[in-house]
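Here the structure is laid out as structure tokens; the discussion comes afterwards.
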Amino acid sequence: MTLLRAAWHRLEEGLMAFLLVFMTLVTFYQVVLRYVFNSGLLWGQEAVLYAFGWLVLLGLAYGVRTRAHLGIDIAVKALSPSLRRTVGLIAVALCMVYAGLLAYGSWIYMDTLRVVGIEAQDIPVERWLLLTILPFGFLLLLLRLCTEAKLILTGEVQGFEIADEAGDALRELHDPRP
């Protein structure tokens with residue numbers, strides 16, 4: 001299972017890197033075409049828009065996995081460990097409800113677009129195909145939140161852990177070694 005998980009993580013990171021490179025290259029190419037050749041790609045802006053949506057939704061779940069999301073947790077850190085776990089479980093549960101509602105709503109939206117058969121504005125593809133990331137991204141987020149809840153319940157973490165930039169900066173100040 002660990003090999004499969006590692007492969008999935010590499011695939012996820014590779015896809016996010018590809019999307020970022022794709023967006024950068026298409027945007028750069030558009031700028032060169034526009035300002036040097038007074039031309040442009042008909043589909044460029046829309047492709048970058050959809051790629052950005054994919055990057056954001058994949059990055060949302062990735063941020064939960066890597067604990068890269070920022071938050072204000074000064075009050076939570078002042079709580080006792082058992083209360084911190086309770087607050088963490090409540091926070092994860094609320095996030096799971098949010099992700100579940102958005103996954104459900106985005107599935108209905110995507111399916112409606114599929115039934116109606118609306119095409120993208122400048123890309124000759126049905127729009128629902130470009131929006132498959134919506135339910136997938138929110139389901140991936142839901143899966144990551146379930147993993148986080150499991151870690152809290154088993155006591156592997158004390159609460160819904162997030163990035164601690166202030167703590168990292170203080171530790172770096174006291175121990176400047178790389």
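The values are calculated or read from the model by the stated rules, or taken from the named source; none is laboratory data. This structure is a prediction, so every number in the text was calculated from the model and none was measured. Neighbour counts run over all protein chains shown; Cβ positions are idealised from the backbone, glycine included.
The table below lists the values:
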item	result
Residue match in the stretch 72-84 (condition: surrounded by 17 or more Cβ atoms within 10 Å (Cβ to Cβ) and assigned to a helix (DSSP H, G or I))	yes
Some residue of the stretch 124-146 being over 23 Å from Gly59 (Cα atoms) and touching a Phe, Trp or Tyr at 6+ places or on another chain (Cβ under 8 Å)	no
Top-ranked residue of the stretch 148-171 - restricted to ones that are surrounded by fewer than 13 Cβ atoms within 10 Å (Cβ to Cβ) and modelled with pLDDT of 85 or more, ranked as nearest to Gly100 (Cα to Cα)	Lys150
Selection status of Gly40, assigned to a helix (DSSP H, G or I) and in contact with a helix residue (DSSP H, G or I) (Cβ under 9 Å, 6 or more places away or on another chain)	no
Single residue of Val26, Val64 found to be of a type outside the set (Ser, Thr, Tyr) and in contact with a Gly (Cβ under 7 Å, 6 or more places away or on another chain)	Val26
Residue check, Met16 assigned to a helix (DSSP H, G or I) and under 18 Å from Leu142 (Cβ atoms)	no
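Results for (1) surrounded by 16 or more Cβ atoms within 10 Å (Cβ to Cβ); (2) closer than 22 Å to Pro135 by Cβ; (3) without any contact (Cβ under 8 Å) to a residue 24 or more places away in the chain, shown as yes or no for each residue.
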{"site": "Leu25", "(1), (2), (3)": "no, no, yes"}
{"site": "Gln30", "(1), (2), (3)": "yes, no, yes"}
{"site": "Leu33", "(1), (2), (3)": "no, no, yes"}
{"site": "Phe37", "(1), (2), (3)": "no, no, yes"}
{"site": "Gly40", "(1), (2), (3)": "no, no, yes"}
{"site": "Ala51", "(1), (2), (3)": "yes, yes, no"}
{"site": "Trp54", "(1), (2), (3)": "yes, yes, no"}
{"site": "Leu60", "(1), (2), (3)": "yes, yes, no"}
